[in-house]
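Notes to accompany the following structure.
The values are calculated or read from the model by the stated rules, or taken from the named source; none is laboratory data. In this text, all values refer to a predicted model and were calculated from it rather than measured experimentally. Cβ atoms come from the backbone with ideal geometry, glycine included; neighbour counts cover every protein chain shown. What goes into the accessible areas is simple: the full protein's heavy atoms, side chains included, and nothing from ligands, DNA or RNA. Shrake-Rupley method; radii C 1.70, N 1.55, O 1.52, S 1.80 Å.
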Amino acid sequence: MALLEVKNLGISFGGLRAVDGFNVNIEKGQLYGLIGPNGAGKTTIFNMLTGVYKPDDGTITLDGKNITGKKTIEINREGIARTFQNIRLFKELSVLDNVKAGLHNHYKYSALTGILRLPGFFKAEKAMNEKAMELLAVFDLDGQAEILASNLPYGKQRKLEIARALATEPKLLLLDEPAAGMNPNETQELMDTIRFVRDNFDMTVLLIEHDMKLVSGICEKLTVLNFGQVLAQGETGAVLNEPEVIKAYLGE
């Protein structure tokens, strides 16, 4: 059974069919890519998978459980986390506190314990600090844990957003154009990081990306969208060699 099964997913806005009959199966541990031109429906699909939009049609099943139409926080608790094309960090908080924000579902204490600073509060805070620092070390951000997130260079802000998503302990990580705005060296480093996350966190990754070097370098399978519909789907090498894909999306 696939980790993520999406069947006949569809949504319209003001009579415009933004996504129509979208199907995909993603196996556990897979690195899967979703590509296509601007307006093809990629981020709309991410928004349906994470509860930002409620689909008009179709079903979304995660690890055997139907999560169609659930709220964002419920879907996150079921095991889907994401990053955004436009970075969304708590920029007024430190790097460390950004990651800790993703841990609060897993380290709980009562309001009274927090207000009175009872032993349970300090125990939970210590555990969260340790876990957050472990995650930051993966992204070489542990040395910058105490600075404001807004003071990180752009590429490191991207990494921090991924670290915060991983703090929720997802089964499936959605990355919306993670290489956007990165230089070639940062992109290569990001590719290595994504592979590390998959291999060491037992993670399944679905990513939207326009950087074809990244897509061909790490994605095992691809879906190509055009006007909300699937144009091509399958093994990455085969899909990228299809004439329609080359002509429409690679400019060759």
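Within the stretch 59-103, if we keep just the residues that are free of Cβ contacts under 8 Å to residues at least 24 places away in the same chain, open to solvent by 80 Å² or more (accessible area, probe 1.4 Å) and outside any strand (DSSP E or B), the residue that is farthest from Ile194 (Cα to Cα) turns out to be Lys71. Looking at the structure I just gave you, is Gly39 over 22 Å from Asn76 (Cα atoms), in a strand (DSSP E or B) and open to solvent by 10 Å² or more (accessible area, probe 1.4 Å)? For Gly39, the condition - over 22 Å from Asn76 (Cα atoms), in a strand (DSSP E or B) and open to solvent by 10 Å² or more (accessible area, probe 1.4 Å) - is not met. Lys54 falls short on exactly one of the conditions (1) over 16 Å from Glu5 (Cα atoms); (2) not in a loop (DSSP other than H, G, I, E, B), and that condition is (2).
On the basis of being at pLDDT below 90 and in contact with an Asp or Glu (Cβ under 9 Å, 6 or more places away or on another chain), does Ile246 make the cut? When the stated conditions are applied, Ile246 passes them.
Against the test of being in contact with a Pro (Cβ under 9 Å, 6 or more places away or on another chain), within 26 Å of Pro153 (Cα to Cα) and of a type outside the set (Asp, Glu), the options Ile218, Ile194 yield a single qualifying residue, Ile194.
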